[in-house]
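Working notes, beginning with the structure itself.
The values are calculated or read from the model by the stated rules, or taken from the named source; none is laboratory data. What you see is a predicted model, and the numbers here were worked out from it, not measured in a lab. Every residue, glycine among them, receives a Cβ derived from its backbone with ideal geometry; neighbour counts consider all protein chains shown.
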Amino acid sequence: MLVSLGSDFVRTARSIGLPWWRIVVTYALRNAILPVITIAGIVFSTMLGANVLVEKVFSWPVSRPMRWMRCSLRTMRRYRVFLLMASVFVIVNLLVDILYGIADPRVTIG
């Protein structure tokens, strides 16, 4: 956010006389939120994989869904659990892409 507030377009908006809240919300926050969205998606997918690792290697009960996954790995239901985990991962990445399009109008599909 500090880098965005020191940019040329923010200085130009200040020199035009725009209100401070409009400069922060419209110009600075829109450019500063893109790395936050990216890191949030990466952190979520890392946490999804780390829960499985902690459950399996250290035998620490992390959460009930991870316990269900561990139990289902021993039975024939393993494909449904892996499909669920993969679906959650895809949905989170789709949400990150949609938020990118909302935050930065230059990002387009085609």
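Values computed for the structure shown
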item: Elements of type helices (runs of 4 or more DSSP H) contained in segment 1-106, each with 1 or more residues being modelled with pLDDT of 80 or more; result: 2-5, 8-16, 29-53, 78-103
item: ALA13 vs. criteria among the small types (Gly, Ala, Ser) and more than 25 Å from GLY101 (Cβ to Cβ); result: no
